[in-house]
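What follows is a set of notes on a single structure, which appears directly below.
The values are calculated or read from the model by the stated rules, or taken from the named source; none is laboratory data. These figures come from a predicted structure and were not determined experimentally. Cβ coordinates were reconstructed from backbone atoms using ideal geometry, including for glycine residues, and neighbour counts include every protein chain displayed. For accessibility, only protein heavy atoms count, side chains too; no ligands or nucleic acids. Shrake-Rupley method; radii C 1.70, N 1.55, O 1.52, S 1.80 Å.
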Amino acid sequence: MTQDEKKRAAAQRAVALLPRDEYIGVGTGSTVNYFIEALAAVKDDIRGAVSTSRASTELLQKIGIPVVTLAQSGRLPIYVDGADEINRSLHMIKGGGGALLAEKIVAHASERFVCIADDSKYVAKLGTFPLPVEVVPMARSLVAQELIRMGGKPELRVNFLTESGHEILDTSGLNLDLPVTMEEAINHIPGVMENGLFARRPADVLVLGHDKGTEVITVSATAG
Ligand code: 5RP
């Protein structure tokens with residue numbers, strides 16, 4: 001199976017995990033695009049969606065799923081999103097598509113986070129993928145200096161602004177062995193809006209697409 005076929009298989013399997021007649025959270029990225037494609041078949045069973053990007057909003061509306069704000073939906077029973085890397089504890093690096101701020105908010109507002117991914121994303125150790133750090137533009141160089149002090153090598157994502165008007169420093173070289181500690185430490189730097197470590201609120205379920213089909217992995221099955 002190609003990487004795209006694995007993404008599509010994982011996305012299709014996640015549809016079976018959705019509750020009926022509820023609002024759902026929808027992430028951003030190519031794997032989520034397959035998920036939205038698969039939602040078309042069950043759209044009448046979905047009350048509406050909270051979207052994390054303009055791209056996902058457009059696709060959801062195109063298939064006739066109402067998009068609402070988090071204020072309208074309240075807490076969500078489920079959030080489905082992709083990842084750039086996910087480890088055995090279901091901690092993730094996200095933000096390759098630059099939607100990390102909205103994704104972190106919707107993840108926090110959701111009872112259950114279902115990550116959908118192809119097997120190239122499932123790693124023993126986080127950190128090969130540079131960690132996206134979203135910054136207020138005026139603080140960019142100060143934040144970069146702090147990230148260097150923490151052992152990182154930040155690189156400005158060129159010609160890119162997030163939907164909230166922020167810049168992204170893609171940061172390699174950080175030691176992510178204690179991802180919760182690192183997530184909190186980076187977010188304490190003034191000028192940082194959010195970073196792409198999803199460890200304080202990891203995924204609850206990983207639906208992984210691989211050569212033999214799909215597999216549903218939970219933290220309890222992977223711990224220890
Ligand atoms: C966007 C994200 C995506 O979930 C992540 O980049 C994975 O994308 P894809 O499904 O295209 O591989 O965090 O901000």
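Some points to look at:
- Across the range 207-212, rounded Karplus estimates of 3J(HN,Hα) from the backbone phi angles (6.51 cos²θ - 1.76 cosθ + 1.60, θ = phi - 60°) give 9, 9, x, 9, 4, 8 Hz, Gly and Pro being marked x.
- For A185, neighbours were defined as the other residues whose beta-carbon sits under 15 Å from its Cβ, and their charges (Lys and Arg +1, Asp and Glu -1) total -3.
- Here the chain is treated as a Stokes sphere of Kirkwood radius computed over C-alpha pairs; at 4 °C and 1.567 mPa s its diffusion coefficient rounds to 74 µm²/s.
- Here the gap between S141 and R20, fully extended at 0.36 nm per residue and compared with their Cα-Cα distance, gives a gain of 38.9 nm.
- Rounded tilt (10° steps) of 30-39 against the dominant C-alpha axis of the chain: 20
- Lysine pair count for the range 91-216 [Cα-Cα under 20 Å; pairs on different chains or 8 or more apart]: 7
- Taken along the Cα-to-beta-carbon direction at a fixed 7 Å, the label points for M1 and D119 span 0.9 nm.
- Residues of type aspartates and glutamates that K62 reaches as a straight line, Cα spacing below 17 Å, ignoring anything fewer than 8 places off in the same chain: E37, D44, D45
- Annotation: for a label point projected 7 angstrom from Cα along Cα→Cβ of R112, residues of the range 20-43 with backbone N closer than 14 Å are 20-25.
- Calculated from backbone phi, Karplus (6.51, -1.76, 1.60) coupling profile of the range 189-194 in Hz, x at Gly/Pro: 6, x, x, 7, 8, 5
- If you sort K94, K62 by accessible surface, 1.4 Å probe, largest first, the order is K62, K94.
- Counting only DSSP H runs of at least 4 residues, each contributing -39500 (n - 2.57), and dividing by the residue count of the chain, the helix-based mean residue ellipticity at 222 nm comes to -8500 deg cm²/dmol.
- For I63 and T181, the FRET efficiency from 1/(1 + (r/R0)^6), where r spans their Cβ atoms and R0 equals 41 Å, is about 0.50.
- Nonlocal amide H pairs with L76, under 5 Å, H built at 1.01 Å: S110, E111
- Accessible area of R112 in the full protein assembly, 1.4 Å probe (Å², nearest 10): 90
- Distance between the modelled labels on R54 and K153, one decimal in nanometres: 3.3 nm (7 Å Cα→Cβ projection).
- Column: log10 I(q)/I(0), Debye, Cα scatterers of the range 114-218, q = 0.11 Å⁻¹: -0.39
- Debye intensity ratio in log₁₀ form over the Cα atoms of the range 1-93, taken at each q of 0.10, 0.11 Å⁻¹: -0.24, -0.29
- As a ratio to 2.2 N^0.38 Å, the alpha-carbon radius of gyration for the range 22-74 is 0.99.
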